[in-house]
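Just so you know, all these numbers are worked out from the coordinates, no wet-lab data involved. Quick caveat: nothing in here was measured; it's all calculated off a predicted structure. Please note: Cβ atoms are built from the backbone with ideal geometry, for glycine as well, and neighbour counts cover all protein chains shown.
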Ligand SMILES: [Zn+2]
Ligand SMILES: [Zn+2]
């Protein structure tokens with residue numbers, strides 16, 4: 001098993017959990033959801049001495065993606081994810097950021113769109129892709145089975161789930177994604193989410209009010 005390490009860097013006025021994920025064997029890693037505050041992300045990369053080889057996006061919302069284009073340019077690395085269904089969000093990041101008063105946003109088109117069943121590598125680690133629509137149509141979850149953890153973006157939170165009132169959101173679809181894709185991972189699976197503290201599937205299955213009575 002390749003040891004995985006992660007450092008969480010809250011960015012943007014939305015306190016979005018940009019995550020620096022890396023493989024300890026190789027020192028190679030990925031920046032997941034660089035929504036902004038790129039100097040703080042750069043500082044974390046330097047502090048952890050990680051060689052960033054790619055940028056990963058969980059979904060197209062501005063707090064997760066507005067810094068991706070500039071970071072791609074600075075680091076010279078490709079962007080992978082999310083699912084193509086979030087293109088309509090990524091094409092309008094500049095306008096959306098302006099509405100929220102966020103500076104420095106750029107629109108972005110990834111180098112690789114992801115679909116359910118795809119695999120992404122980070123160093124020697126392998127991440128399986130689960131397409132989990134509902135919070136946004138193109139939300140994906142990155143699953144590292146060897147280390148039993150996932151990066152779930154805004155699909156699931158500790159004690160809550162993603163909002164579904166934004167364009168393309170669908171509450172029932174989100175519940176279905178959680179029931180059919182995330183709960184089957186098993187109670188031992190830990191996850192890092194897009195906002196707030198990390199958790200694990202077992203704790204959420206037991207205590208998350210949105211998941212009560214859910215059959216997976
Ligand atoms: Zn979101
Ligand atoms: Zn978010």
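Tabulated values for the structure
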item: Choice from 32, 141, 94 with maximal GNM fluctuation in the chain (Cα, 10 Å cutoff); result: 94
item: Rg ratio (alpha-carbon, reference 2.2 N^0.38 Å) - the chain; result: 0.94
item: Computed label-point distance, nm, for sites residue 119 and residue 203 using a 7 Å Cα→Cβ extension; result: 3.0 nm
item: Length-normalised contact order for region 4-211 - Cα pairs under 8 Å, 6+ apart - percent; result: 16 percent
item: Part-to-part distance (alpha-carbon centres) for region 43-74 and region 89-147, which is given in Å; result: 11 Å
item: Simple label model, 7 Å out from Cα along Cβ direction - residue 179 to residue 26, nm; result: 3.8 nm
item: Region 86-131 - Rg (one decimal) and Dmax (whole number), Cα, Å; result: 14.4, 40
item: Fully extended contour minus Cα-Cα distance, from residue 111 to residue 88, at 0.36 nm per residue; result: 6.7 nm
item: Spatial separation of Cα centroids for region 175-216 and region 2-21, in angstrom; result: 19 Å
item: The chain: most fluctuating residue of 130, 75, 21 per GNM, C-alpha cutoff 10 Å; result: 75
item: Residue 210 versus residue 145: modelled label distance in nm, points set 7 Å from Cα along the beta carbon direction; result: 2.6 nm
item: Relative contact order of region 1-88, pairs being alpha-carbon contacts under 8 Å that are 6 or more residues apart, as %; result: 24 percent
